[in-house]
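Chemist: This is the structure, below, for whatever I ask next.
The values are calculated or read from the model by the stated rules, or taken from the named source; none is laboratory data. Worth saying up front: this structure is predicted, and the values here are computed from it rather than measured. Cβ atoms come from the backbone with ideal geometry, glycine included; neighbour counts cover every protein chain shown.
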């Protein structure tokens with residue numbers, strides 16, 4: 001029998017944090033302390049954890065179907081809002097605090113043993129080959145259409161990699177590596193609740209995302225990290241092709257596939273992130289805030 005979501009959350013919280021207390025789990029998950037105690041008692045009674053709250057071999061076996069198998073990083077774009085810095089350097093390879101932006105993602109993936117990593121490249125694609133010396137496990141996927149379409153073409157060329165996979169923009173500066181999880185319960189998209197934003201955001205219908213739009217109130221600001229279960233990944237492989245074959249869709253961002261064109265095919269929940277877990281660096285001014293050296 002599949003673990004209930006709250007039981008899964010407690011079990012993975014234990015897996016991620018050595019010797020964590022019940023009180024700390026309650027604080028992290030924002031769940032009632034009594035509920036956490038009841039869940040842990042259930043996990044002990046059913047051999048998921050032992051008497052010292054360590055996950056058993058049986059517990060790890062039950063977590064394995066939820067394990068993230070791979071990641072696809074979308075890195076083909078121009079990064080035009082970061083000019084002039086991106087004239088000669090793709091945005092994901094820009095140095096921030098002595099580290100390439102994309103390396104903050106790769107290192108976070110490797111920290112949870114996700115080694116099947118694909119990078120979709122286009123603009124100045126040859127520069128990404130330098131990453132292979134440090135990260136030989138990476139596979140580069142060429143997007144020959146990057147300069148005539150929106151990023152839906154990047155999803156198109158990597159559409160067979162969506163099962164049990166993170167799909168994310170490659171220009172995210174991961175400040176808190178723990179936002180990249182080893183296990184995921186189901187298909188989701190990262191976001192943070194905001195009272196108002198002029199940026200990309202989600203409307204919600206209960207626990208699930210109902211609409212993607214630019215600007216909104218009492219909504220979730222998007223952070224461009226999606227995860228797809230095996231079943232949803234197989235559906236996306238077909239739906240991406242159908243969308244891309246429609247010429248009118250090629251000027252859209254790839255996210256419209258599951259939030260507009262084929263929204264009835266998917267139930268994506270929000271995976272909350274905290275302030276400063278992830279930095280979206282879209283402009284030179286935003287870069288200067290994160291790395292003061294660019295002020296000179």
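Chemist: Among the residues of segment 143-159, what is the count of those that are touching a helix residue (DSSP H, G or I) at 6+ places or on another chain (Cβ under 6 Å) and closer than 30 Å to residue 64 by Cα?
Modeler: Looking only at that region, the number is 3.
Chemist: Right, another one. Go through segment 116-138 and give me each residue that's surrounded by fewer than 13 Cβ atoms within 10 Å (Cβ to Cβ) and not in a helix (DSSP H, G or I).
Modeler: Within segment 116-138, 136, 137 qualify.
Chemist: So residue 252 fits all but one of (1) out of contact with any strand residue (DSSP E or B) (no Cβ under 8 Å at 6 or more places or on another chain); (2) more than 23 Å from residue 90 (Cβ to Cβ); what number is the exception?
Modeler: Unmet for residue 252, out of (1) out of contact with any strand residue (DSSP E or B) (no Cβ under 8 Å at 6 or more places or on another chain); (2) more than 23 Å from residue 90 (Cβ to Cβ): (2).
Chemist: Determine whether segment 236-243 contains at least one residue that is free of Cβ contacts under 8 Å to residues at least 24 places away in the same chain and farther than 16 Å from residue 166 by Cα.
Modeler: The answer is yes, given that some residue of segment 236-243 is free of Cβ contacts under 8 Å to residues at least 24 places away in the same chain and farther than 16 Å from residue 166 by Cα.
Chemist: Given 240, 225, 209, which one is under 19 Å from residue 70 (Cβ atoms), in a strand (DSSP E or B), assigned by TED's automatic domain parsing to the domain that holds residue 113 and touching a helix residue (DSSP H, G or I) at 6+ places or on another chain (Cβ under 8 Å)?
Modeler: Unique residue meeting the criteria: 225.
Chemist: Continuing with the same structure: Can you name the number of the only condition in (1) in the same structural domain as residue 156 (by TED's automatic domain parsing); (2) surrounded by 14 or more Cβ atoms within 10 Å (Cβ to Cβ) that residue 80 fails?
Modeler: (2)
Chemist: Of these, 291, 255, 282, which one is farther than 21 Å from residue 97 by Cα and touching a residue at least 24 places away in the same chain (Cβ under 8 Å)?
Modeler: 255
Chemist: From the list 52, 12, 104, 86, which residue is at pLDDT below 95 and buried (at least 18 other Cβ atoms within 10 Å of the Cβ)?
Modeler: Just a single option satisfies the conditions, and that option is 86.
Chemist: So, one more: Given 223, 146, which one is within 23 Å of residue 275 (Cα to Cα) and touching a residue at least 40 places away in the same chain (Cβ under 8 Å)?
Modeler: Only one candidate qualifies: 223.
Chemist: Please determine, by comparing only the residues of segment 243-256 that are touching a helix residue (DSSP H, G or I) at 6+ places or on another chain (Cβ under 8 Å) and assigned to a helix (DSSP H, G or I), which one is modelled with the lowest pLDDT.
Modeler: Taking the candidates together, the pick is 249.
Chemist: Can you run down the residue pairs with Cβ atoms below 6 Å, 6 or more apart or on separate chains, where the first is in segment 155-184 and outside the structural domain of residue 235 (by TED's automatic domain parsing) and the partner is surrounded by fewer than 22 Cβ atoms within 10 Å (Cβ to Cβ)?
Modeler: Every condition considered, no pair remains.
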